1. Given the options 144, 168, name the one that is surrounded by 14 or more Cβ atoms within 10 Å (Cβ to Cβ) and over 30 Å from residue 68 (Cα atoms).
2. From the residues in the stretch 147-165 that are open to solvent by 100 Å² or more (accessible area, probe 1.4 Å) and not aliphatic (A, V, I, L, M), which one is modelled with the highest pLDDT?
3. Out of all the residues in the stretch 108-122, is one or more outside any helix (DSSP H, G or I) and of a type in the set (Val, Ile, Thr)?
4. Tell me, which residue of the stretch 71-82 that is free of Cβ contacts under 8 Å to residues at least 12 places away in the same chain and not in a strand (DSSP E or B) is nearest to residue 128 (Cα to Cα)?
5. Listed residues 60, 111, 118; which is more than 29 Å from residue 25 (Cβ to Cβ) and either touching a residue at least 12 places away in the same chain (Cβ under 8 Å) or open to solvent by less than 80 Å² (accessible area, probe 1.4 Å) (or both)?
6. When only residues in the stretch 172-187 that are modelled with pLDDT of 85 or more and hydrophobic (A, V, I, L, M, F, W, C) count, which is least open to solvent (accessible area, probe 1.4 Å)?
7. Given the structure, is residue 136 at pLDDT below 90 and touching a Lys or Arg at 6+ places or on another chain (Cβ under 6 Å)?
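The values are calculated or read from the model by the stated rules, or taken from the named source; none is laboratory data. Note that this is a predicted model, so its numbers are computed, not measured. When we count neighbours, we look across all protein chains shown, and the Cβ atoms used for this are built from the backbone with ideal geometry, even at glycine. Surface accessibility is based on the protein's heavy atoms, side chains included, excluding ligands, DNA and RNA. Shrake-Rupley method; radii C 1.70, N 1.55, O 1.52, S 1.80 Å.
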Amino acid sequence: TDRTKPGNKPLALGYAYDVANADLAPARHWDFGGGVAGAGGYRSTTNDMMKFLDAVLGYRKSSLAPAFALMTATRSPGGMPPATNIALAWNILDQDGREIVWKNGSVGGFRAFIGYDRASGVGVVALANAQTPAGADDIGLNILDPKIAVDLHVPRKHVEVPIDPALLDRYVGRYKYSDTDFATVTREGDRLFW
């Protein structure tokens, strides 16, 4: 696994969740180029993310203050649960007279969460070198609002059970999720591929 970045500064080793074994395995760093570099190619530090929170919460003066206000001004229903709205990729939970704003990310062995409650002046950065289903989101959200539960579910190891390979043919095909979103399932021997 490549554990360096430009300037040969060491990077943490990330671990990805292996559903089949209910365990974590070392993961390779994702390196993107071109037009998709922003999709998982951004690297930062806790200190940089805390500087951002200081600025967005008004503890640090920034010429970007008007942009911070605009990034959550236009909203649509939706977002990642438990969000009630989404604004420029920022999830917003508006409940009990409070507004929590957050963004998360997940790439090759890592999870990141940044969130804040402007009214209380509290911000959270949670980073994990494990890419798991729940990630650091529930921890960050629980710090911002203790009524939001932390996922304490411990995954079970999946056990493979034998089946008649002829049954697999029933699942081969093309599945439509929406007008533009399809998944194709194929069979090779006694295995299905998606």
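1. 168
2. 147
3. Yes - at least one qualifying residue is present in the stretch 108-122.
4. Step one: filter the stretch 71-82 for residues free of Cβ contacts under 8 Å to residues at least 12 places away in the same chain, giving 76-78, 81.
Checking the rest, the ones that are also not in a strand (DSSP E or B) come to 78, 81.
Values: 78: 25, 81: 20 Å.
So the residue we want is 81.
5. It is 118.
6. 183
7. Considered against the rule, which asks whether it is at pLDDT below 90 and touching a Lys or Arg at 6+ places or on another chain (Cβ under 6 Å), residue 136 comes out as yes.
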